[in-house]
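A.B. asks: After the structure tokens below, expect a handful of questions from me.
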Amino acid sequence: MKRILLFALTLLCATAAVADDMGMMSALVAPDGTAILRKTSIDLGNMMSGSGAMSTELVAVSATGSVKWHFTGGTMISDLTLSGDKVIVLNLTRNGTEVIALRLADGVQAWKAVMETFGSGVTATPTLIYVTSVKSASMLSGGVTHGRPSASGPMMSANMTLTALNPASGTLVWTVTP
């Protein structure tokens, strides 16, 4: 059952990333004109049996069109944002999320924070990095739509968390599960 939930979470995040990517690729542009491209590859293969694979790569391209650096994530990079001179990456793993800060200039890792939740979104301010993530999920046998039982079948319910990290070091500032 745990493996099915992990598969469902991964597929949910992958579906969101694919929809966001509109063709498996999206770009984030820094103030200096550097474009960070996120390329997601999904080998569906026989995903239910574990033979399928997914990977995400970041490619930084300068304003003049030259490739500055590459970064290959684990299972999937679910989101990324800019924070000062760093690219903040949510890198999903089998056990949770690595929040990785890469230097915009050369792609070298500045810091990494490991979370036991599955990160779905990241936003940065000058003082904090906010990470939304799924703490736990459960399958429900039926659902409710507008106060009435739904005939749509099983539904998934997720407990979300919001975590704040220090943008300079990646250290935990606070976390809350609403």
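The values are calculated or read from the model by the stated rules, or taken from the named source; none is laboratory data. Please read all numbers here as calculations on a predicted model, not as lab measurements. All Cβ positions, even for glycine, are placed from backbone atoms using ideal geometry, and neighbour counts span all protein chains on display.
A.B. asks: Tally time: how many residues in segment 80-97 are in a strand (DSSP E or B) and under 20 Å from residue 169 (Cβ atoms)?
C.D. replies: Counting residues in segment 80-97 that are in a strand (DSSP E or B) and under 20 Å from residue 169 (Cβ atoms) gives 12.
A.B. asks: Another question, then. All but one of (1) modelled with pLDDT of 90 or more; (2) out of contact with any Phe, Trp or Tyr (no Cβ under 9 Å at 6 or more places or on another chain); (3) of a type in the set (Asp, Glu) hold for residue 116, so report the exception by its number.
C.D. replies: (1)
A.B. asks: Counting only residues that are in a strand (DSSP E or B), at pLDDT 95 or above and either among the hydroxyl-bearing types (Ser, Thr, Tyr) or closer than 16 Å to residue 122 by Cβ (or both), how many does segment 58-70 have?
C.D. replies: So the count comes out to 0.
A.B. asks: Find the strands (runs of 3 or more DSSP E) located wholly in segment 139-178 whose residues include 3 or more that are modelled with pLDDT under 95 and under 22 Å from the mean Cα position of the chain (by Cα), and list them.
C.D. replies: 155-165
A.B. asks: Looking at segment 79-104 only, could you name the residues that are of a type in the set (Ser, Thr, Tyr) and closer than 14 Å to residue 130 by Cα?
C.D. replies: 81, 83, 97
A.B. asks: Separate question: Pick from 26, 51, 41: which is at pLDDT 55 or above and in contact with a Lys or Arg (Cβ under 6 Å, 6 or more places away or on another chain)?
C.D. replies: Testing whether each residue is at pLDDT 55 or above and in contact with a Lys or Arg (Cβ under 6 Å, 6 or more places away or on another chain) leaves just 26.
A.B. asks: Any residue in segment 114-130 that's farther than 15 Å from residue 97 by Cβ: show its pairings with residues that are among the hydroxyl-bearing types (Ser, Thr, Tyr) at Cβ separation under 9 Å, as long as the two are six or more apart or on different chains.
C.D. replies: The qualifying pairs are 124/81; 124/83; 124/130; 125/83; 126/83.
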